[in-house]
Protein chains: 2
Amino acid sequence: MSLTHAILGLLTITPMTGYELKTQAFDNSIAHFWQADQAQIYRALSAMAEQGWVESRLEIQEDRPNRKVYYITEAGREELHRWLHTEQPLPVHREPFLVQMFFASELDTATILNHIARQREGHAARLAHYESIEISVHDDPEIARKRSFWRLTVEIGVAVERAYLEWLDRCEAVVRELDQLESQPHDQATFPNTSATD
Amino acid sequence: MSLTHAILGLLTITPMTGYELKTQAFDNSIAHFWQADQAQIYRALSAMAEQGWVESRLEIQEDRPNRKVYYITEAGREELHRWLHTEQPLPVHREPFLVQMFFASELDTATILNHIARQREGHAARLAHYESIEISVHDDPEIARKRSFWRLTVEIGVAVERAYLEWLDRCEAVVRELDQLESQPHDQATFPNTSATD
DNA sequence: GTATTATATATGTAAAGTCATATATTAACG
DNA sequence: CGTTAATATATGACTTTACATATATAATAC
């Protein structure tokens, strides 16, 4: 399971609590390629501790709730490396909005344009977020190497979001064009069409 | 649930069996934005029949196993339209390979390059598949309208795959560059760097 | 002749992900 | 002064997805 291995990887950077994994790592650093909810993270940590891949130390705090800081173990590092060497399948893609677009002929123009506008907002926000991530260069070649890979993962996020924004613009244009065609008399479409196959 | 609504939509095109939904619709027409396995489709159809959104008629065949053809009902159409009007969240993205890239500093160059090459093959195959989908124009304006939307869903698939291929090329270049830097003496990286923030 | 592929439906089970809620304390907001 | 947000962990219940397997027949491949 990649969630487990994402956590193992994150704990190689620094020991963390479940809360920090959620708020700092999953919701920020790696949100563009792996999302996990809080319940999942805590349960994964428990399972990983049972496996011996992580260990936790309870840090007592007076003013705030106690922290359970998780550390990766040697067995955890081994498992991470084993997994990093395995070949991973392409991501499965399930996008409800594309289901809607596929059947959008059932909808009126205004509704479709509204859906497109909402998606546009979401993708624009994602793009802005990815573009705001600045991964500075570093003198230490090991740290620099690490950051090169981090930067690459952000770059694909940016590229995909840009592709979506361009495509959504095109969607809008196509929908407006279809709308105009409909308001014209239908018999305008009867000129011969040689490229039609059926 | 979008799977249910994808099926409802597909059944508006033509009545189908679970087998046809799987082999023709999910594995071909809409594979680039919604994947479902056979077990899921059959169980969804059962649930939808109980809901009254679809009805089935058993077609007896002598030479082949009997077919259970599903038809969308009026209630199913209503549910489809209700759902088509709802706003859908952006797709969640979980990509195991990007987890590997994020932690790829733990891997040797050869392994990373191999992973990149495998992903490249997969994305190239997807792109080739999407580009092979030809949605011809049509005289009937209603059919033409439908196909415009189908075409749009293919276009985003093509755009995303192209973005991935470009990015994978860039990944390869970056990895090779890092590899060359490592084989050089480390003290070459000690010249002052004013853009580093930490 | 035997094995595999295609057609066709179905269930058992497990893994993964989502949603709601519980607990407990402090800080900030209006 | 009361409510909300932030910090911090945890569980119950459910939905969704994945994987394996069972059944049955015909056609095709080797």
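Candidates are the residues of segment A:1-23 that are within 15 Å of DNA strand C (Cβ to nearest atom) and surrounded by fewer than 16 Cβ atoms within 10 Å (Cβ to Cβ); the one that is modelled with the lowest pLDDT is A:Met1. On inspection, B:Pro89 fails the criterion of being touching a His at 6+ places or on another chain (Cβ under 9 Å), without any contact (Cβ under 8 Å) to a residue 12 or more places away in the chain and facing chain A (nearest Cβ under 10 Å). Would it be correct to say that B:Ser46 is away from DNA strand C (no atom under 13 Å from the Cβ) and outside the structural domain of B:Arg118 (by TED's automatic domain parsing)? Against the criterion (away from DNA strand C (no atom under 13 Å from the Cβ) and outside the structural domain of B:Arg118 (by TED's automatic domain parsing)), B:Ser46 does not qualify. Would a scan of segment A:181-198 turn up a residue that is more than 16 Å from the chain's Cα centre (by Cα), outside the structural domain of A:Gln35 (by TED's automatic domain parsing) and modelled with pLDDT of 90 or more? No: zero hits. The set of residues in segment A:56-73 being of a type in the set (A, V, I, L, M, F, W, C) and within 28 Å of the chain's Cα centre (by Cα) consists of A:Val69, A:Ile72.
The residue that is nearest to B:Arg151 (Cα to Cα), among those in segment B:1-23 that are within 12 Å of DNA strand D (Cβ to nearest atom) and within 14 Å of another protein chain (Cβ to nearest Cβ), is B:Ala6.
How many residues does segment A:83-127 contain that are surrounded by fewer than 20 Cβ atoms within 10 Å (Cβ to Cβ), small (Gly, Ala, Ser) and closer than 17 Å to A:Trp167 by Cα? Going through segment A:83-127 one residue at a time, the tally reaches 4.
Confirm whether B:Val154 is in a helix (DSSP H, G or I), closer than 20 Å to B:Asp27 by Cβ and in contact with a helix residue (DSSP H, G or I) (Cβ under 8 Å, 6 or more places away or on another chain). Yes: the conditions hold for B:Val154.
On the basis of being touching a residue at least 24 places away in the same chain (Cβ under 8 Å) and surrounded by 10 or more Cβ atoms within 10 Å (Cβ to Cβ), does A:Ala49 make the cut? Against the criterion (touching a residue at least 24 places away in the same chain (Cβ under 8 Å) and surrounded by 10 or more Cβ atoms within 10 Å (Cβ to Cβ)), A:Ala49 does not qualify. Candidates in segment B:104-137 are the residues that are modelled with pLDDT under 90 and facing chain A (nearest Cβ under 7 Å); of these, the one that is farthest from A:Gln88 (Cα to Cα) is B:Val137. Can you pull out every residue in segment B:93-145 that is among the basic types (Lys, Arg) and under 17 Å from B:Leu168 (Cβ atoms)? Across segment B:93-145, the qualifying residues are B:Arg118, B:Arg120, B:Arg126. Residues in segment A:119-138 that are of a type in the set (Ser, Thr, Tyr) and not in a helix (DSSP H, G or I): A:Ser136 only. Please indicate, with yes or no, whether at least one residue in segment B:85-95 is more than 13 Å from DNA strand C (Cβ to nearest atom) and assigned to a helix (DSSP H, G or I). No, segment B:85-95 has no match at all. A count restricted to segment B:38-81 and to residues that are more than 15 Å from DNA strand D (Cβ to nearest atom), assigned to a helix (DSSP H, G or I) and charged (D, E, K, R) stands at 3. Taken over segment A:24-41, the criterion of being away from chain B (no Cβ under 12 Å) and either more than 10 Å from DNA strand C (Cβ to nearest atom) or touching a Pro at 6+ places or on another chain (Cβ under 6 Å) (or both) is satisfied by A:Gln24, A:Asp27, A:Asn28.
For the subset of segment B:104-118 comprising residues that are assigned to a helix (DSSP H, G or I) and not hydrophobic (A, V, I, L, M, F, W, C), which member is nearest to B:Arg176 (Cα to Cα)? Filtering segment B:104-118 for residues that are assigned to a helix (DSSP H, G or I) and not hydrophobic (A, V, I, L, M, F, W, C), the one nearest to B:Arg176 (Cα to Cα) comes out as B:Thr109. Screening segment A:28-37 for residues that are surrounded by 14 or more Cβ atoms within 10 Å (Cβ to Cβ) and over 25 Å from A:Glu74 (Cα atoms) and picking the one that is farthest from DNA strand D (Cβ to nearest atom) gives A:His32. If you filter segment A:54-72 down to residues that are within 30 Å of A:Ile133 (Cα to Cα) and within 14 Å of DNA strand C (Cβ to nearest atom), you find that the one that is modelled with the lowest pLDDT is A:Arg64.
The values are calculated or read from the model by the stated rules, or taken from the named source; none is laboratory data. Bear in mind that the values here come from a model prediction, so they are computed numbers and not experimental data. Please note: Cβ atoms are built from the backbone with ideal geometry, for glycine as well, and neighbour counts cover all protein chains shown.
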